[in-house]
Amino acid sequence: MGELIKIDPTTPVGQGVLGRELHAFLEVETPYDKWFPRMAEYDFTEGKDYSTFLSNRSDGLPGKPRIDHAVSLGMAKEISMLQRSEKGKQARRYFIDCEERLRAQALEVSGEALVEKALLYLAAQKEALALQVQVEKPLTDFAKRFQAHDVVCDFQKVAHVLASHGVDIGRTRLFEVCRSKHYITKVKDGKNPIWTQKAIDAGIGRNVTKSYWNTKYEKDIPYEMAYWTMRGIQAIFNSYDIPADKHEPVLEELKALRREELLAEVKKANTPRL
């Protein structure tokens with residue numbers, strides 16, 4: 001069936017037609033300004049089933065704008081049936097066909113969207129698996145003594161310890177590599193960069209809540225800081241092909257620094273504020 005009446009998908013009531021165009025197609029003898037208000041009395045709601053607006057003359061001649069209506073397909077179908085004419089039957093069948101076609105298109109679009117979501121999910125799973133394979137390479141005997149998720153140290157300390165053992169990666173380079181893989185956030189509003197959920201799920205880092213004493217407000221202000229885990233340090237060893245004989249000394253020193261840091265935090269927590 002061809003287009004009997006133009007369907008507009010952008011009306012305020014969704015897919016719909018113009019009231020005057022419907023009136024003309026149905027060949028109603030009653031003037032539109034009297035006919036439409038009567039139709040609207042059949043339990044239709046303005047804003048839901050139809051919307052009122054002013055339109056210019058269809059013949060292009062100057063004159064006072066006319067009242068017209070955007071009519072939903074459902075209302076147009078019911079109005080057509082009320083006419084009890086051959087034109088009304090034809091219009092009703094046309095609107096039913098339009099609704100069925102639109103419903104089929106909606107199902108097709110939702111199906112395509114579902115497939116797209118599935119493909120995105122599979123791609124994400126593939127990336128996560130590849131990351132897991134890289135991160136979970138066999139640990140050194142020394143690293144096996146500790147849990148893979150144990151927090152070690154922040155970026156600064158890790159870079160410093162590696163440099164002291166002849167592995168000059170640098171804190172800035174570590175940050176850049178992690179940002180390129182979307183593991184770490186960017187510096188924003190003066191806040192420290194922290195691990196993204198992607199990095200946390202991979203187990204290479206955790207965000208540790210710390211605090212500093214604000215003398216103005218006389219209270220501790222919490223903030224988060226990105227810390228590497230044992231698994232994350234092992235990922236650095238694997239990514240940069242760091243010789244196995246350096247693994248144990250690096251991990252020993254990082255573990256010692258972490259122990260000192262924890263002792264300092266305990267001491268700080270038990271020291272009264274003046």
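The values are calculated or read from the model by the stated rules, or taken from the named source; none is laboratory data. Here the structure is a predicted model, which means the values were calculated and not measured. Here the Cβ is made from the backbone with ideal geometry for all residues, glycine too, and neighbour counts use every protein chain on show.
Would you mind finding the one in Asp220, Asp189 that is in contact with a Ser or Thr (Cβ under 8 Å, 6 or more places away or on another chain), surrounded by fewer than 21 Cβ atoms within 10 Å (Cβ to Cβ) and modelled with pLDDT under 85?
Values: Asp189 fails: in contact with a Ser or Thr (Cβ under 8 Å, 6 or more places away or on another chain).
Every option except Asp220 fails the conditions.
Condition test on Gly74, is it buried (at least 17 other Cβ atoms within 10 Å of the Cβ), touching a residue at least 40 places away in the same chain (Cβ under 8 Å) and touching a helix residue (DSSP H, G or I) at 6+ places or on another chain (Cβ under 9 Å)?
Working: buried (at least 17 other Cβ atoms within 10 Å of the Cβ): yes; touching a residue at least 40 places away in the same chain (Cβ under 8 Å): no; touching a helix residue (DSSP H, G or I) at 6+ places or on another chain (Cβ under 9 Å): yes.
For Gly74, the condition - buried (at least 17 other Cβ atoms within 10 Å of the Cβ), touching a residue at least 40 places away in the same chain (Cβ under 8 Å) and touching a helix residue (DSSP H, G or I) at 6+ places or on another chain (Cβ under 9 Å) - is not met.
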message = Condition first: surrounded by 18 or more Cβ atoms within 10 Å (Cβ to Cβ) and either in contact with a helix residue (DSSP H, G or I) (Cβ under 8 Å, 6 or more places away or on another chain) or assigned to a strand (DSSP E or B) (or both). Can you find one or more residues in region 52-63 that meet it?
response = no
query = Can you find even one residue in region 196-206 that is in a loop (DSSP other than H, G, I, E, B), closer than 15 Å to Lys157 by Cα and modelled with pLDDT of 85 or more?
reply = no
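Yes/no matrix, rows are residues, columns are (1) modelled with pLDDT of 80 or more; (2) within 16 Å of Leu162 (Cβ to Cβ); (3) among the β-branched types (Val, Ile, Thr); (4) outside any loop (DSSP other than H, G, I, E, B):
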{"site": "Pro193", "(1), (2), (3), (4)": "yes, no, no, no"}
{"site": "Val208", "(1), (2), (3), (4)": "yes, no, yes, yes"}
{"site": "Met225", "(1), (2), (3), (4)": "yes, no, no, yes"}
{"site": "Pro249", "(1), (2), (3), (4)": "yes, yes, no, yes"}
{"site": "Arg273", "(1), (2), (3), (4)": "no, no, no, no"}
remark   = Expected output for region 245-258 (first residue among the acidic types (Asp, Glu), partner assigned to a helix (DSSP H, G or I), Cβ below 6 Å, 6+ apart or cross-chain) is Glu253/Val161
Residue count for region 1-46, restricted to those that are of a type in the set (D, E, K, R), within 21 Å of Cys98 (Cα to Cα) and either free of Cβ contacts under 8 Å to residues at least 60 places away in the same chain or assigned to a helix (DSSP H, G or I) (or both) = 4
